[in-house]
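Shown next, in structure tokens, is the structure this report addresses.
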Amino acid sequence: MLPRDLAPGAAVDGFVLKERIAVGGMGAIWSVEHPDHSGPLVMKLPFLGAGADVSTIIGYETEAMILRRLSGRHVPAFVAAGDLAVLPYIVMERVSGTPLDERLRLGPMAVEEVARVGARIAAAVEDIHRQHVVHLDLKTGNVILLERGAVLIDFGLARHDELPDLFAEESDLPMGSPATISPEQLVGDRTQPASDIFALGCVLYEMATGEPPFGEPVSLAGQKRRLFAPPRPPRSLDRKVPRWMQEIILKCLEVEAGRRYASAGQLLFDLRHPDQVPLTERADRAGQEGFTGRIRGWLGGRRAEQMPPQRKVPIARRISTAPVVMAAVDLARGADPLANEVRLHVRRVLDAEEGARLACVTVLKTKLVGDDDTPDEAGRSAYLARLIALKDWARTLDVPEERVSFHVLEAVNPGDAILDYASHNRVDHIVMGARAASALRRHLGSVSSHVVAEALCSVTVVRLKESDASE
């Protein structure tokens, strides 16, 4: 049986079709029931017969793969999926709420409502990003508002960091909604959470002004105008939009991804704390009309379009607002001058990385002739002594307990132990000490040189000025 031939009362793998909610050229949505599943359900049935658009097939496979891996109150609960070779379908929770596009048919929102609803959407975006997913088709029609918050729907164009990107493998054409597609998507990059930040900026703009910032261009050339032609500032359309809201919206809509909010969580914070939004020239921007403004925008767009491909970084890592700083300190000889110098540099890094989490690590060398600490039979005495010393070393850093942890690593090779910890915990920055050169160190290689050579993150190596310092 083909999806187009289904009628109310038909059963598909035990799901009984009740009412056809919507139908379009790419598929239909039905309300369904099943004796083993409580609560309202919907079934999406894509039309994949002869002549079906390849994007429909890819979108179905993508959504089925991703929805089954998502959870939480900001997405529909996944129930089941059909066999692509028999009758493809996806059954999920029926989200009963108000679609954002329907709400906007009544006109733009008051600024308080824009901030409240925008914060709910930002929370939803942050949630899926932490689950390794970028939506890549965020728009007013894909947001449903209800008491539990904002729910995002339609993950047919989404990208999961740990799954094959079927769209990228099949085609290099830009995929997304014309009104909200990001500049990087237009030039072939489907990897960036910043794309959802841009789309959310478009949604906020429409909520505040009643108009999409770039219209809804039908051609690719029309969509690419956003690479060099900035939108009209919201306050030029409606003076009721406050300066802090314009600052937030235009920061989301920066052409270069690196100039937008680093995470949806940061955007959420600003929407909830407008009095703390730092204002820049964006807040007072009145438009870039005129020859000079068009040239400036054109040059910026050319830079964005010609940016080299970015190194692939896991999606969940990119949206981290709290980088992990690892202090690898040698306390085999106690808190000696080198350990104190390392602490000084850790303090400088923490001052520069507001909100960073600190992992204090020391290595207890084992099973080597000349070990600094010999554990007892239970292996506890030396470990506890080193742990206490590590906490004493870090005490003056005065880092809140929720942002610091302490680890004594027992290992034969300190360099390998530091590298393994940094890799396993996705450390962003290592600060460690290096002692003065010696014949043995030149022969075997120092711990610091080993870490610098193989670490997958930045490393700061601290040395003492005294020539007689030794490791």
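We did not get these values from a lab; they are worked out from the coordinates using the rules stated. Here the structure is a predicted model, which is why all the values come from computation and not from measurement. All Cβ positions, glycine included, derive from the backbone under ideal geometry; neighbour counts span all protein chains shown.
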Please state the shape class of the stretch 90-191: rounded when a/c is under 1.5, otherwise prolate if a/b exceeds b/c and oblate if not, all from the C-alpha gyration tensor. prolate
Which of the aspartates and glutamates could a cross-linker bridge to K465, judged by Cα under 16 Å and excluding same-chain residues fewer than eight apart? D336, E341
My understanding is that a pair violates if its Cα-Cα distance is over 29 Å; which of K139/K240; K139/K224; K251/K391 do that in this structure? K251/K391
Need the full-extension length gain, H407 to E113, defined as separation in residues times 0.36 nm minus the C-alpha distance. One decimal, nm. 101.3 nm
In order through the stretch 342-358: 3J(HN,Hα) via Karplus (6.51 cos²θ - 1.76 cosθ + 1.60), integer Hz, x for Gly, Pro: 4, 4, 4, 6, 4, 4, 5, 5, 5, 5, 7, 10, 4, x, 5, 9, 10
R0 of 35 Å, Cβ-Cβ distance R69-D398: FRET efficiency to nearest 0.05: 0.30
What's the local net charge at A283, with K and R +1, D and E -1, over the other residues with C-beta under 11 Å away? +2
Counting other beta carbons within 10 Å of each residue's own, what order do I29, I181 fall into, fewest first? I29, I181
FRET efficiency estimate (nearest 0.05) - Cβ-Cβ, L106 to R148, R0 30 angstrom: 0.85
Under a Cβ-only charge scheme (Lys and Arg +1, Asp and Glu -1), can you give me the dipole magnitude of the stretch 3-93 about the Cα centre, in debye to the nearest 20? 200 debye
Counting just the Cα atoms, what span does the stretch 3-93 cover along each of its three principal axes? Round to the nearest Å and put the largest first. 36, 30, 22
Modelling each spin label as a point 7 Å along the Cα-to-Cβ direction, I'd like the D284/D416 distance in nm, to one decimal. 6.1 nm
Fewest Cβ neighbours within 10 Å first, please rank R348, R159 accordingly. R348, R159
Where a ≥ b ≥ c are the square roots of the eigenvalues of the C-alpha gyration tensor, would you call the stretch 209-279 rounded, which needs a/c under 1.5, or, failing that, prolate if a/b is larger than b/c, or oblate? oblate
Tell me, what is the percent relative contact order of the stretch 104-161, built from C-alpha pairs under 8 Å that lie six or more residues apart? 34 percent
Could you line up Y60, Y421, Y383 from fewest to most neighbouring Cβ atoms inside 10 Å? Y383, Y421, Y60
Once phi is turned into ³J(HN,Hα) by the Karplus curve 6.51 cos²θ - 1.76 cosθ + 1.60 with θ = phi - 60°, what whole-Hz value does each residue of the stretch 420-430 show in order, with x for glycine and proline? 5, 5, 4, 5, 5, 9, 6, 5, 8, 7, 10
Using θ = phi - 60° and the Karplus relation 6.51 cos²θ - 1.76 cosθ + 1.60, list the HN-Hα couplings for the stretch 95-105 in order, rounded to whole Hz, with x at every Gly or Pro. 8, 9, x, 9, x, 4, 5, 5, 4, 6, 5
